[in-house]
1. Between B:F151, B:G173, B:T267, whose Cα lies farthest towards the positive end of the dipole of the range B:139-300 when Lys and Arg beta carbons carry +1 and Asp and Glu beta carbons carry -1, centred on the Cα centre?
2. Distance check, please: which entries in A:K122/A:K205; B:K2/B:K98; A:K253/B:K2; A:K105/A:K247; B:K98/B:K143 exceed 23 angstrom between their Cα atoms?
3. Any idea which of B:V399, B:V278, B:T202 is furthest toward the positive side of the dipole for the protein assembly as shown, if Lys and Arg beta-carbons carry +1 and Asp and Glu beta-carbons -1?
4. Can you list the HN-Hα couplings for the range A:247-262, worked out from phi with the Karplus curve (6.51, -1.76, 1.60; θ = phi - 60°), rounded to whole Hz and with x for Gly and Pro?
5. Got a sec? How would A:L68, B:L28, A:L8 order by Cβ neighbour count within 10 Å, fewest to most?
6. Give me the distance between the Cα centres of the range B:123-153 and the range A:260-310, rounded to whole Å.
7. If you take the beta carbon distance between A:R36 and B:R424 as r and set R0 to 45 Å, what does 1/(1 + (r/R0)^6) give as a FRET efficiency, to the nearest 0.05?
8. Just in the range A:326-426: which trypsin sites (Lys or Arg not before Pro) are loop by DSSP and have at most 14 other Cβ atoms within 10 Å?
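No lab work stands behind these numbers, since they all come straight from the coordinates. None of these values were measured; they are calculated from a predicted model. Counting neighbours? That spans all protein chains shown, and the Cβs are built from the backbone with ideal geometry, glycine included.
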2 protein chains.
Amino acid sequence: MKEIKVGLLGFGTIGTGVVKLLQNNGELLAERLGCRLRLVRIADLDISSDRGVRVDAGILTSDAMSILDDPEIDVVIELIGGYEPARTFVLRAIENGKQVVTANKALLALHGREIFSAAAEKGVEVLFEAAVGGGIPIITSLKENLCGNRFRSVFGILNGTCNYILSRMTHEGEEFATVLAEAQQAGYAEADPTFDIEGVDTAHKLALLVGLCFGTNIDFAAIHSEGISSLTSQDIRFADQFGYRIKLLAIGKRHDDGTIEARVHPTMIPKHYPLADVDGAYNAVRVVGDFVGPVMQYGLGAGMDATASAVVGDLMALARNLVRGQGARTHGLGCHPGQLRELQVRPMADVVTQYYLRFTTVDRPGVLAAISGILGQHQISIASMVQPERHEAEAVPIVIMTHEARERDVQAALQQIDQLDIVREKSHLIRIENQL
Amino acid sequence: MKEIKVGLLGFGTIGTGVVKLLQNNGELLAERLGCRLRLVRIADLDISSDRGVRVDAGILTSDAMSILDDPEIDVVIELIGGYEPARTFVLRAIENGKQVVTANKALLALHGREIFSAAAEKGVEVLFEAAVGGGIPIITSLKENLCGNRFRSVFGILNGTCNYILSRMTHEGEEFATVLAEAQQAGYAEADPTFDIEGVDTAHKLALLVGLCFGTNIDFAAIHSEGISSLTSQDIRFADQFGYRIKLLAIGKRHDDGTIEARVHPTMIPKHYPLADVDGAYNAVRVVGDFVGPVMQYGLGAGMDATASAVVGDLMALARNLVRGQGARTHGLGCHPGQLRELQVRPMADVVTQYYLRFTTVDRPGVLAAISGILGQHQISIASMVQPERHEAEAVPIVIMTHEARERDVQAALQQIDQLDIVREKSHLIRIENQL
């Protein structure tokens, strides 16, 4: 039986999962594949810690180059994460004619153009199913099965940490800071959770989904991204009253004029939508194609085992080609990098959507007239209003749901409203998606 | 730009969708693929009706052999459906070295072994993404991305007609016969709906899912299959009271002893499960793998456009290989037919699950004691009981939810209970799945 030789860069959580999967299911993989996958070397700076899986000490090395430059190795799996040295290593692997599997969304979101072009030139493949949605096979589905479609939109719940925090805020009424602290203690959130809770990780993943759906090399800096740290349980309760859940949503849309939207922010979605029920550590992606209509995929978005499943799926795909003496079969974003379009991303100020607005004001007649007057001046019309809690305290909340309005107008109106002396706190907005 | 030449067998609804997709999105497909797909001939017995798409009359033929035996044609798409002449045509295409795309679940469920073996011998591929779940890419996901996993279970809502009928019975309280008649008038159900409503179509699809998940050539006759025609709105209401929805569910499980379950029947699933919300024309599949955990996919299960999306996805996959001068890349059920196992399907009598039992009895003291006594004699213990409606009429319903019990025992108990003179109607059972 033929053998495919694999080198692994990065022996952290996911790397350990990959080793475990190859060990536990090795016979099954060989049967399905008609060849054997042999992990010949693992590089990590730490080659002494016990990861709970048995590996022959002889295959561990702290020298990544000994993998990248080994002519025997067919496939390199990059699980180091971050920009450098991952970028240098991946480019070196490509230069040496190796097939590459990576789970590194940050790297591909920022350096995808360089990496995919290098791979196309060299005739090798860079697969990255594990970079988006953990075990959910959305990347391959977009690249292969659904590739007959012109995509209209893609929506994703893509960060497990945020979704866990929002789920607990929703179902237990707790505040953000409390849940985050507990999640950090339990190991569900990083010690420095900035990338997760501020939406950066989700934006990295959206960059890849938008690239695949719309055939474009998106400039990562053009993605508007906001996190969940300023959400309050009060907003979640109001959302519930109006029939919505709040999710950190990655949103990609393509308009008929050829511009696209690419944005990440807390979003209110109707409770009865399937995405609204995606809770805890689960991720989900929903795409709408012109022929297939809506397709949703749902699964564990992170974790050692689910991510290892995606990495090994990619490894098997590459091995399937190699065992038949065949080289690259697909390109990074689904077509040759030369075919990718430069599509203009709509500036956030030009986005049109519905809004939830929460004002904190003194409890006095005329307040609503003042606020609605300013909204009206900015072409923002009100769909519904609620002022549910009448406290003894001086400050009371007023919540307004708008019809469709332009972000620029909403921001200008809020700025003006926040200068009124009846307003006690900076006003909050949450964008609404009623048409997923 | 290189061209891949395609022949289409069957110019019905899905065939028309495929022609429309190739026309509307042809440029996009060529960009993504780096080659052109050219539909060179369409065979159908009816070559004169207007399908609403423009095709050059010169490519229409009533002679399928002129496609199958044309050495110029690279890929044959079979959309005739049914066993013959589809089987003969597909085998002929394989014999002539053509790649094949088919949406024909009936054919593959019964003759898959013969067809996939012939393809393996000839070194061509037979892809069938459109055969299960319409636009949902579950076949490829199982064969490729998730193939690192040992699968434990697969559950599917796979028949749009049944799901539409059950959704209307659930949400509008209507009876089966009424909804079916309306669905037939509206064109959502066939004039002869037997294959759909009696679960045969779902069982065909389950045979393919079980084959892929567990690496086996399942004997179609071993799949226990029941339809939805005996369900009443009363059962749906009782299910709702207990926190359940009723779906026609395809169930595949693998046990540690190497036996599998493969069964199709109306099934009560907890309302809060994602599958419970899959309504109307939507299909969904949920698989659980040892590494990936649960993955669910959801989309339109049928219809011209969604199914065409799946057919063209397969066509693109084959073209991707052909354009690189490469032959077959995968085998029908995910591994070489010689590697498939013969796994024993548990007889229905040996299946263990929970049950909903509905008895119709006279309204008289001692009735429950008689029924529960017989259940107890058959090792069936009661989890809860309800006797909610007290009519003036002589016959009243008694509903019992059981703990786990063996089908054989339940059938024996019901047979005995139905002979009691206090029982007024044949008793009903619905199986429950609490652990998807």
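1. Of the candidates, B:F151 comes out farthest on the positive side.
2. A:K122/A:K205; A:K253/B:K2
3. B:T202
4. 10, 7, 10, 8, 10, x, 9, 10, 9, 5, 7, x, 7, 10, 10, 8
5. Least to most surrounded, the residues fall as B:L28, A:L68, A:L8.
6. Each part's Cα centre sits 20 Å from the other's.
7. The calculated FRET efficiency here is 0.10.
8. Sites meeting the loop and neighbour criteria: A:R390.
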